[in-house]
């Protein structure tokens with residue numbers, strides 16, 4: 001081709017064709033999830049902790065894509081959230097309603113569909129679903145996993161769980177990142193698009209940070225939430241406070257010594273005595289002093305784990321940039337749910353209130369998603385897999401209850417008919433952190449929470465009650481207006497919407513009929529129901545006090561046995 005003009009035209013045509021072909025190729029997909037990383041600890045959500053700058057890498061990442069302000073989990077606990085994302089189904093449909101659930105390999109929809117479409121699939125880090133992952137490659141933590149001397153379950157000749165590799169001296173956040181980088185560099189097929197789940201244990205409690213972060217925030221006074229020491233009387237209900245407030249001690253585990261069964265003032269000083277004054281005893285100080293010290297220790301340990309995640313994400317993103325993969329990859333960052341950072345003197349998650357129900361959700365893909373966007377569209381974690389399947393060019397299976405929100409991510413605008421409410425249900429009644437069984441509907445402006453207060457079999461009752469929050473006037477959910485006459489019409493409308501939403505998502509009560517009987521008995525919450533709820537409140541107080549006496553005797557017996565054993569030495 002001697003004619004330079006023809007050569008130029010030919011070259012331009014080839015370049016145009018190549019570009020067009022590249023644009024039609026499905027993107028790599030990188031799904032990143034940290035455990036218990038709440039919006040309050042992500043700078044992009046501009047919270048109380050923003051000036052501490054715990055997440056500069058994530059904040060820069062978010063600025064190059066879209067931030068979702070109304071992303072919610074359907075059940076704020078680790079295993080159910082992961083099962084929702086794996087299947088695109090609500091917990092009562094996929095069968096994982098608590099920490100004991102699992103998704104069998106043949107039901108792990110997301111990696112199965114990705115493999116069918118030609119993606120190479122891998123999962124590295126926290127798994128928490130008990131059975132073997134149905135990915136081409138996996139390297140996952142056993143159960144919750146350890147922060148130090150990290151162990152992984154890997155493929156091998158033995159059954160799942162018996163092929164274990166250990167990294168002595170490692171910290172899980174570092175070695176999970178190392179393992180992902182090794183897979184990207186040495187193990188993946190560069191001729192295939194990849195679907196990679198990169199999932200940290202951090203910052204799950206009890207917040208064991210790598211030693212190099214011990215000086216981070218050491219001399220900083222962490223800002224305190226306004227409700228750390230006291231919440232207004234308008235917060236909560238009979239379900240969370242009890243008759244005459246005497247269940248405040250027993251509902252929801254605490255930062256300070258409010259909850260005598262489980263609190264960070266005792267738990268953290270036993271695990272991290274270096275964070276407290278020498279020989280410090282929470283029983284010898286006021287509740288406020290115990291709360292203050294425990295909160296500072298809690299937040300510093302938590303944020304050190306967050307900082308470790310953020311620094312390791314920089315390592316991962318830097319590699320993707322070096323290899324020209326960063327802009328060719330749809331990257332999703334989230335936590336498996338929110339987490340309480342001392343608001344209302346609560347720790348952990350589980351509640352239907354926003355600190356635990358809301359998830360961080362940041363997405364970057366510059367080929368389709370403009371930088372600097374925010375959206376207040378309601379997104380649920382059951383929607384995450386539909387989005388990723390959509391970008392992969394895969395038809396979304398009928399089994400998936402979630403919807404792709406690709407149009408929202410790319411335009412910032414909600415398509416006609418997009419959902420205007422999120423559904424929530426927590427099933428692990430009074431397990432571990434003393435949270436009652438509850439369900440809720442969350443719109444952009446209001447939240448209605450129903451504490452039905454029993455386990456799967458309708459037993460171990462705590463007092464049922466309803467709560468309604470006006471999120472426009474009261475975004476911190478501190479003023480329960482359920483009985484306010486001005487909200488009566490809206491309250492009844494939301495109850496109808498909640499009932500309809502339950503039917504729509506398949507939570508029709510058939511899964512646990514004895515539990516559902518209680519749900520229906522207190523649904524209308526008339527005078528008789530309220531009087532019965534007060535009686536239940538009295539009965540639960542007596543029951544819990546008897547439990548505490550039993551636990552105290554067990555503790556004293558263990559301590560006496562330990563002392564006797566030590567004396568023999």
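The values are calculated or read from the model by the stated rules, or taken from the named source; none is laboratory data. Nothing here was measured: the structure is a model prediction, and the numbers come from that model. Glycine also receives a Cβ, built like all others from the backbone with ideal geometry; neighbour counts cover every protein chain displayed.
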Any hit, region 130-137, residues being under 30 Å from residue 411 (Cβ atoms), touching a helix residue (DSSP H, G or I) at 6+ places or on another chain (Cβ under 8 Å) and touching a residue at least 12 places away in the same chain (Cβ under 8 Å): no
Residue identified as assigned to a loop (DSSP other than H, G, I, E, B), at pLDDT 95 or above and farther than 28 Å from residue 79 by Cβ among 435, 480: 480
Top-ranked residue in region 459-501 [being closer than 30 Å to residue 543 by Cα and exposed (fewer than 15 other Cβ atoms within 10 Å of the Cβ); ranked as farthest from the chain's Cα centre (by Cα)]: 483
Criterion: outside any strand (DSSP E or B), more than 25 Å from residue 166 (Cβ to Cβ) and either without any contact (Cβ under 8 Å) to a residue 24 or more places away in the chain or more than 22 Å from the chain's Cα centre (by Cα) (or both) - qualifying residue of 156, 118, 143: 118
Residue under evaluation residue 536, criteria (1) over 32 Å from the mean Cα position of the chain (by Cα); (2) over 18 Å from residue 448 (Cβ atoms), criterion not met: (1)
Among (1) in contact (Cβ under 8 Å) with a residue 60 or more places away in the chain; (2) part of a loop (DSSP other than H, G, I, E, B); (3) surrounded by 20 or more Cβ atoms within 10 Å (Cβ to Cβ) - the single one residue 334 does not satisfy: (2)
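Okay, residues lined up against (1) touching a strand residue (DSSP E or B) at 6+ places or on another chain (Cβ under 7 Å); (2) modelled with pLDDT under 95; (3) assigned by TED's automatic domain parsing to the domain that holds residue 38:
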{"residue": "104", "(1), (2), (3)": "no, no, yes"}
{"residue": "107", "(1), (2), (3)": "no, no, yes"}
{"residue": "114", "(1), (2), (3)": "yes, no, yes"}
{"residue": "141", "(1), (2), (3)": "yes, no, yes"}
{"residue": "153", "(1), (2), (3)": "yes, no, yes"}
{"residue": "156", "(1), (2), (3)": "no, yes, yes"}
Residue 274 assigned to a helix (DSSP H, G or I) and surrounded by fewer than 18 Cβ atoms within 10 Å (Cβ to Cβ): yes
Matching residues, region 337-352, being part of a helix (DSSP H, G or I), on the phi > 0 side of the Ramachandran plot and out of contact with any strand residue (DSSP E or B) (no Cβ under 7 Å at 6 or more places or on another chain): 344
Pair list, Cβ < 7 Å and 6+ apart or interchain, from region 544-569 residues that are part of a helix (DSSP H, G or I) to residues that are surrounded by 10 or more Cβ atoms within 10 Å (Cβ to Cβ): 544/250; 548/260; 548/261; 551/261
Among the candidates 355, 370, 366, residue that is surrounded by fewer than 18 Cβ atoms within 10 Å (Cβ to Cβ), in contact with a strand residue (DSSP E or B) (Cβ under 9 Å, 6 or more places away or on another chain), in contact (Cβ under 8 Å) with a residue 24 or more places away in the chain and in the same structural domain as residue 82 (by TED's automatic domain parsing): 370
Any chance residue 132 is at pLDDT 95 or above, in a loop (DSSP other than H, G, I, E, B) and either assigned by TED's automatic domain parsing to the domain that holds residue 80 or surrounded by 16 or more Cβ atoms within 10 Å (Cβ to Cβ) (or both): yes
